[in-house]
Structures are given as structure tokens and as C-alpha cells.
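Novice: Sharing a structure below in C-alpha cells format, with a few things to ask.
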Amino acid sequence: MRATIMALAALALAPPALADTLPETAVAVFVSYCMLTDGRPSLAQAQMPPPPTMMRIPTQDARKLQSNAPGAVGWTISVPDGDVIMLEDGTGRCQVEVQQAPKAEALDAYEKFVAALPALRGVKITPGPAETVTRDGVESTVRTARVEQGGEVRTVRMVAGDKPAGAAQHSMTYGP
């Protein structure tokens, strides 16, 4: 799956510094650090130098953001339009979040990402239906897709909502 995902990154997405919107930057980070490492961005840290704008989140804060997962680690990546937060729970589940971006831009970035996957040989994607959920008075759009390649199956999940400032408005999760 790794070779196919690398092709996806080259084919479909601009590098983070060249993305037009914060959600597109988040998708580029998602592909580079979550999908290329099969949900373990800490592996990427060992293989390539992180950008100078990537700062590690204190372990206790990463655990809080990952429901107290014992192996949780996280990073904040600062870009001109804002910050992208990346979290790993230690089990192959990786999440990328943005706190301030229009919901329509987040959904558009996700749709571009999903549309690019079928162009890759050997990848089968099965998008799930869009759902609308309300939690704590905030309405969010949830999209999921099942990605299969070489006998491996992973789930990609996008949640986009108009949450108050300081909360993760939009997130993408990758994992088994």
C-alpha cells in the first residue's frame, strides 16, 4: 500500500507549502505523515527531517486529545493560514485536525483526495454515504471511505463541522 500512497501524494496533492487552503494543507500532511507511514507518523520523523514549523505536542496533551491512549503522540505544524494538528495513538490510527477553516473548503479538499484514489492502479476505494450528526449542539458532516490495496484495508474518515474557536473543526482519521 505504501508505494501506491506515495504515488497518490505525487499525483494528487501539492506539498504542504504549496497548498491553496488550510484544509488542502491538512490533506497533504495526512497523506505524507498518516498514509505513507500506515498510521504511524512517528516513523516519518525517523526517515525524513520534519519541517522547521513542526513542533511536538507535550505527551500529556496528546493523550488528552487521543482519549488517553497510552502511546499517543502529537505535533503542531504551523503554516501561513493557521495550524495543522497531527496525532498518533500508537495503534496505527492517525488523525489530522484544523481548528479554523470554512467547512466547504474542508469538504472540498476531502472530495479531491477521494477522487484521486481510483486513478492509482491496484487501489479500490469504496466511499460510504455522507452522514450528518449533531453532538453538543454542533452539526457536522461525516464522510468515510474504505481503501483497499494488496489485501490491506484501511478506513479514512472525515468530520467537518462549524465548531467554536479553539475546538478541532475538521479532522481526517486513517487506520484499520
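Novice: Of the residues that sit in segment 137-176 and are assigned to a loop (DSSP other than H, G, I, E, B) and touching a Lys or Arg at 6+ places or on another chain (Cβ under 8 Å), which one is least open to solvent (accessible area, probe 1.4 Å)? Don't jump to the end; show me each part of the working.
Specialist: First pass over segment 137-176, keeping only residues assigned to a loop (DSSP other than H, G, I, E, B): 137, 150-151, 162-169, 176.
Checking the rest, the ones that are also touching a Lys or Arg at 6+ places or on another chain (Cβ under 8 Å) come to 162, 169, 176.
Working: ASP162: 101, GLN169: 18, PRO176: 116 Å².
Going through the qualifying residues, I end up with GLN169.
Novice: Sticking with this one: Being of a type in the set (Val, Ile, Thr), out of contact with any strand residue (DSSP E or B) (no Cβ under 7 Å at 6 or more places or on another chain) and open to solvent by 20 Å² or more (accessible area, probe 1.4 Å), is that true of even one residue in segment 118-136? So that I can check it myself, show each step before the final result.
Specialist: Restricting attention to segment 118-136, the residues satisfying the condition of being of a type in the set (Val, Ile, Thr) are 123, 125-126, 132-134.
Add one more test, that the residue is out of contact with any strand residue (DSSP E or B) (no Cβ under 7 Å at 6 or more places or on another chain), and what stays is 134.
Checking which are open to solvent by 20 Å² or more (accessible area, probe 1.4 Å) leaves us with 134.
Taking every residue of segment 118-136 in turn, at least one turns out to be of a type in the set (Val, Ile, Thr), out of contact with any strand residue (DSSP E or B) (no Cβ under 7 Å at 6 or more places or on another chain) and open to solvent by 20 Å² or more (accessible area, probe 1.4 Å).
Novice: Does THR76 meet the test of being in contact with a Lys or Arg (Cβ under 9 Å, 6 or more places away or on another chain), closer than 15 Å to PHE30 by Cα and without any contact (Cβ under 8 Å) to a residue 24 or more places away in the chain? First the steps, then the outcome.
Specialist: Details: in contact with a Lys or Arg (Cβ under 9 Å, 6 or more places away or on another chain): yes; closer than 15 Å to PHE30 by Cα: yes; without any contact (Cβ under 8 Å) to a residue 24 or more places away in the chain: yes.
The answer is yes for THR76.
Per-residue answers, yes or no, for (1) surrounded by 15 or more Cβ atoms within 10 Å (Cβ to Cβ); (2) assigned to a helix (DSSP H, G or I); (3) at pLDDT 80 or above:
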| site | (1), (2), (3) |
| --- | --- |
| VAL29 | yes, yes, yes |
| TYR33 | yes, yes, yes |
| THR37 | yes, no, no |
| ARG56 | no, no, yes |
| ALA62 | yes, yes, yes |
| SER67 | no, no, no |
| PRO70 | no, no, no |
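Novice: Test ALA44 against the stated conditions and say whether it is hydrophobic (A, V, I, L, M, F, W, C) and either modelled with pLDDT of 85 or more or more than 21 Å from GLN169 (Cα to Cα) (or both). If you could, list the steps in order and put the result at the bottom.
Specialist: Numbers: hydrophobic (A, V, I, L, M, F, W, C): yes; either modelled with pLDDT of 85 or more or more than 21 Å from GLN169 (Cα to Cα) (or both): yes.
In short, yes.
Novice: Need pairs with beta-carbon distance below 7 Å; first residue touching a residue at least 60 places away in the same chain (Cβ under 8 Å) and open to solvent by less than 40 Å² (accessible area, probe 1.4 Å) and within segment 83-109, second charged (D, E, K, R) and part of a strand (DSSP E or B); sequence gap 6+ or separate chains.
Specialist: Every condition considered, the pairs that remain are ILE85/GLU97; CYS94/GLU88.
The values are calculated or read from the model by the stated rules, or taken from the named source; none is laboratory data. None of these values were measured; they are calculated from a predicted model. Cβ coordinates were reconstructed from backbone atoms using ideal geometry, including for glycine residues, and neighbour counts include every protein chain displayed. SASA here: full protein model, heavy atoms, side chains in, ligands and nucleic acids out. Shrake-Rupley method; radii C 1.70, N 1.55, O 1.52, S 1.80 Å.
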